[in-house]
Amino acid sequence: MLYDMIVIGGGPAGYTAALYAGRANLSVLVLEKLAPGGQMGTTDQIDNYPGFPEGINGFQLAMEMKKGAERFGAETKLAAVTAARLAGDIKEVEAGGERFQGKTVVLACGAHPRELGLPGEKELRGRGVSYCATCDGMFFRGKTVAVAGGGNTAAADALYLSRICEKVVMIHRRDKLRASAAYLKPLLETGNVEFCWDSQVVSLSHEAALTGVELLHKKTGEKSFLPCSGLFVAIGQVPDTGLFAGQIDLDSAGYVQADESTRTSLPGVFAAGDLRAKPLRQVVTACADGACAAQAAEEYLSI
């Protein structure tokens, strides 16, 4: 079958694109490698998505998005995409040993946080280790937390957490932040933000949840222990764009270069959600991208 649209990725961007395309009477196939929701689906509580004043479980929200898209005819296939040929009028995508064809493709396979690579890190995700301050900061109200990183994201996370937490400790492997100057003055003027320079996290201490981190001072070699209830890792993200390298334009970090309409460098190919180069990556901005991608695809098909 030749679909009007193939969506690669079943997160909020992908299912919003599928919803809008389905309502426009386009035939849509969503390919998702694991389960609906992407990173959202692994988040226990989402408190910053409009319309849910008490918050909502990420997987529950993902399933509701899937139902909404399927109500308008979108199909879902759980299969990992292994190849994609995006040039030409008809695009081909291979997944689960099958080959699918589409007149348009929406790339919505997201990005994943860069991890520290420490023992127990994966097991402590959601139990003290987080990669999103705006997603999980409220769970640490009045507590001591640490932020690992020194770029703009780490600085923004520290400022955000300083308004919620009792104390925020920034851990950076150099002697100054890489963040832009706009962040430095407010950080230095914030009374509950402290800095651990020339340091890195080398191990995680925990019982049922995180209780602290062990730090290594890179210049002296000395180790120290920092008690904390939360560790926010902000050392970058890795976009899931490897399959598309060489076919569409990516930036130096591997994110898809696409304008606000989500159009990429290839006609009929659109990028929505966290894999697109953009200033803010949240569920609500992913949904906005998905809606824009569907509209742009509909316009493309009407030409």
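The values are calculated or read from the model by the stated rules, or taken from the named source; none is laboratory data. These figures come from a predicted structure and were not determined experimentally. A quick note on method: Cβ atoms are made from the backbone with ideal geometry, for glycine too, and the neighbour counts reach across all protein chains shown.
Residues that are exposed (fewer than 14 other Cβ atoms within 10 Å of the Cβ) and modelled with pLDDT under 95 within segment 179-206 comprise S180, A181, A182, L184, K185, P186, L188, E189, G191, listed in sequence order.
Counting only residues that are assigned to a strand (DSSP E or B) and under 20 Å from the mean Cα position of the chain (by Cα), segment 43-77 holds 2 of them.
Right, Y255: surrounded by 15 or more Cβ atoms within 10 Å (Cβ to Cβ), of a type in the set (F, W, Y), touching a residue at least 40 places away in the same chain (Cβ under 8 Å) and closer than 21 Å to N152 by Cβ or not? Considered against the rule, which asks whether it is surrounded by 15 or more Cβ atoms within 10 Å (Cβ to Cβ), of a type in the set (F, W, Y), touching a residue at least 40 places away in the same chain (Cβ under 8 Å) and closer than 21 Å to N152 by Cβ, Y255 comes out as yes. When the residues of segment 136-156 are filtered to those that are in a helix (DSSP H, G or I) and closer than 20 Å to T211 by Cα, the one that is modelled with the highest pLDDT is F140.
Listed by position, the strands (runs of 3 or more DSSP E) inside segment 166-276 whose residues that are of a type in the set (V, I, T) and over 18 Å from the mean Cα position of the chain (by Cα) number at least 2 are 167-171, 199-206, 210-217.
Just to check your reading of the model, which residue among E121, E70 is outside the structural domain of A17 (by TED's automatic domain parsing), of a type in the set (D, E) and modelled with pLDDT of 95 or more? From the options E121, E70, the qualifying one is E121.
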